[in-house]
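The values are calculated or read from the model by the stated rules, or taken from the named source; none is laboratory data. These figures come from a predicted structure and were not determined experimentally. FYI the Cβ positions are ideal-geometry reconstructions off the backbone, even for glycines, and counts take in every protein chain you see. Note: areas computed on protein heavy atoms with side chains; ligands, DNA, RNA excluded. Shrake-Rupley method; radii C 1.70, N 1.55, O 1.52, S 1.80 Å.
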Amino acid sequence: MAQQATKDSGTDRIAAARAAVDHGMRACAAYRRPDLRTRLSAELARLDDPGTHVVVVGEFKQGKSSLVNALVGAGACAVDDDVATAVPTYLRHGKKVQARLLLGADPPTRRPLPPEAIREHTVEGGVTEVDGQPVVGVEVLLPRNMLASGLVIVDTPGLGGLGSSYAAASLTAAALADAVVFVTDASQELTATEVAYLNRARELCDTVICALTKIDFYPAWRTVRDLDRAHLDRLGMDKVRLLPVSSSLRTRAVRTNDQELNAESGFRDLVRFVSDEVGVRGAAAAARNAGAELAGVCDQLIGQFDAERSVLADPDAARAVVDELEATRHRADSLREAAARWNQTLGDGISDLSADIDHDLKSRFRLVLAEADEAIEDCDPADTWTQLEPWLRARVSHDLVTNYTMLRDRAAALSTTVAEHFRDVSGTGPGRLAVYDPTPLVDRTDVDPDIALEKMSARKQGLVALRNSYSGILMFTMLPTMVGLTGMAPIAVPIGLLMGRAGLREEKKRQLKQRQGQAKNAVRHYCDEVQFLVGKDSRDTLRRIQRQLRDHYGARAEELRRSVSEALNAANAAAKRSSAERERRLKDLDAELDRLRQLRRRAEEVQR
């Protein structure tokens, strides 16, 4: 079946790369190059977990968890008719079934969890906090061939509309994913909100497909499929594939090993997409990166021996070889200095990026505050606060997604520029940069819950009207009497009532302005707190990226310097050997170079 094909094409690529890198590590140990061995060891760890992410998203109760379970052939994700998924579930490969809680902020800490307790933490109304740390997800390890190539399938909470914080978190996951599977059921055609989300997800991730679930429950699913296809084509999403599937049929087919029923479920195309396209593509990319790293290590070792052999084979050329090595060492030393072009590019790039990200974030919050102020001015917060507060959280979440997407894209571009300036060093870039999901920061602060937005009660309104009426009546009865005027009593009561009504109206306006002011202050306080947290997180992220790039290229510069230094020492020693010693050493070097070139060819094969 498709899973076996994945094993042959994806897992085998990883296995071949792992074997080649392991061979390279043994060579580094034999040649006493622990620095190069450490470099390959890090690559071997990446091969063990390439982390190719497929994120499954969609509105509530569309069948996302059932689809994920049917896809991997296991009941890993909680499915319920009444409650929905509350936190993401990450399905990875493991030798046996295991589960772990993900707690706290990014990167989260992992804590063992009994598999039977997964449901307690993943559905609405479940346990959301453990030892004071929020539950941000659950990781499940499964012994499935589909996942063996490093594939990670993520079941996410329902969107709750494009304007919800759940949708913002899902968009962040989509931005960091290798592929997105959008789930909608066959009960109705795609809604405007779903189409909008699909369009946004496609902007953030290159690979997006749409799965139409529950086709066994709705006889008119073909009509819905055609309508959905028409919507996607009309909006320029003709390349987004639409796959009708039935999770219940797929589950039964896996349980009974019924090939015909499996074909009827429609999951063959979905499995082929997830396994053969996304999984194999991720495995191939990991293998290519590993091959490139191994090739870079081989080049350094070959260069080290090749220089010595050149001196031994042609003693007259020894001075030229040594001079060239001296120049190369000088360039390698310059790469380690703070004034190196790549280092200056990195420092300047991080500074510019930090300023741009901060400016973008402040501009977005200014716009949020302006829109919130306008909304508050046009209404009474006592009536609309229950709608305004969720809107504020969702709007801030979406702006954070856009801001962090900008950070991710600009950081990746900076990494490419630094790599180009470091072209004298062999090897690949530092891999995926550590940019995390910012949306949980929205929940780290609350809109002020203590503001008083209640309107005046009927009793208080009556007292205010009575107080102002009393003043009017008093004015038109007692004061005229004191100056000798009589007959004013009949008009005193109506005038007093009018004055009471006017006073009540002014008091209502005053209290409305007071409530609006309190609401605006609450919004500003919330935005200030979130901006403070996000600003700190952005700066930490940029510092983390800077250290990641600096350490990566600093290590490459040190490797190159050591390789050139050892080549230079070997060349100087070779120039002093006798003729007999040169002959013996040449034979040894030819054998060593032959082995290294074979390993280099093996690295090239891994990259294909």
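Taking amide H positions as modeled 1.01 Å from N, with prolines and chain starts lacking one, the residues under 5 Å from Thr213 and 5 or more places away or on another chain are Thr184, Asp185, Ala186, Val245.
Rounded, prolate or oblate: which fits segment 277-374, taking a ≥ b ≥ c as square roots of the Cα gyration tensor eigenvalues, rounded meaning a/c under 1.5, else prolate when a/b beats b/c? Oblate, since a/c reaches 1.5 and b/c is not below a/b.
What net charge do the residues around Asn569 carry, taking every other residue with its C-beta under 11 Å from that of Asn569, with Lys and Arg at +1 and Asp and Glu at -1?
Residues near Asn569 contribute 0 overall.
Under 15 Å from the 7 Å Cα→Cβ point of Trp391, by amide nitrogen: which residues of segment 507-541? What the label zone holds, given the 15 Å backbone N cut-off, is 516, 519-520, 523-524.
With N as its number of residues, segment 13-53 has a Cα radius of gyration that, divided by 2.2 N^0.38 Å, comes to 1.20. Points 7 angstrom from Cα along the Cβ direction at Phe60 and Glu420: gap in nanometres? It works out to 4.8 nm between the two label points. Along the Cα-to-Cβ line of Asp48, 7 Å from the Cα, sits a label point; which residues in segment 112-128 have backbone N less than 18 Å from it? Hits in segment 112-128 for Asp48 at 18 Å: 112. Note on Lys96: accessible area approximately 130 square angstrom, rounded to 10, probe 1.4 Å, nucleic acids and ligands left out.
Mind pulling up the Rg/Rh value for segment 203-265? Radius of gyration and Kirkwood radius, both on Cα.
Numbers: Rg = 13.9 Å, Rh = 13.0 Å.
Rg/Rh for segment 203-265 comes to 1.07.
Across the cross-link table entries Lys95/Lys239; Lys362/Lys520; Lys64/Lys96, which are compared at the Cα atoms, the separations over 27 Å belong to Lys95/Lys239. On the basis of the beta-carbon distance and an R0 of 51 Å, Arg524 and Ala29 show a calculated FRET efficiency of 0.25.
Taken along the Cα-to-beta-carbon direction at a fixed 7 Å, the label points for Glu326 and Asp238 span 6.6 nm. Rounded to the nearest 20, the size of the Cβ-charge dipole of segment 14-110 about its Cα centre is 700 debye, with Lys and Arg at +1 and Asp and Glu at -1. The 3J(HN,Hα) values that the Karplus relation (6.51, -1.76, 1.60; θ = phi - 60°) gives for segment 594-608 are, in residue order, 5, 5, 5, 5, 5, 5, 5, 5, 5, 5, 5, 5, 5, 6, 6 Hz. Gly and Pro appear as x. Applying the Karplus relation 6.51 cos²θ - 1.76 cosθ + 1.60 with θ = phi - 60° to segment 66-74 yields 3J(HN,Hα) values of 5, 5, 5, 4, 5, 5, 9, x, 7 Hz, where x marks Gly and Pro. Other residues with beta-carbon under 11 Å from the beta-carbon of Gly158 carry, at +1 per Lys or Arg and -1 per Asp or Glu, a net charge of -1. Report the accessible area of Arg577, computed with a 1.4 Å probe over the heavy atoms of all protein chains in place, in Å² rounded to the nearest 10. About 80 Å², rounded to the nearest 10. Residues whose amide H falls under 5 Å from that of Ala99, counting only those 5 or more places apart or on a different chain, are Leu113, Leu141, with hydrogens built in the peptide plane.
Note on Lys520: accessible area approximately 40 square angstrom, rounded to 10, probe 1.4 Å, nucleic acids and ligands left out. Given +1 at the Cβ of Lys and Arg, -1 at the Cβ of Asp and Glu and no other charges, the dipole of segment 255-332 around its Cα centre is 240 debye to the nearest 20.
Show me the ranking of peptides 280-291, 13-24 by mean Cβ neighbours inside 10 Å, starting with the highest.
Going by the mean number of other Cβ atoms within 10 Å, highest first, we get 280-291, 13-24.
Computed from backbone phi, the HN-Hα couplings of segment 505-516 come to 5, 5, 5, 5, 4, 4, 5, 5, 4, 5, 5, 5 Hz, rounded to whole numbers (Karplus: 6.51 cos²θ - 1.76 cosθ + 1.60, θ = phi - 60°; Gly and Pro given as x). Modelled this way, with points 7 Å down the Cα-to-C-beta line, the labels at Leu367 and Asp314 are 6.4 nm from one another.
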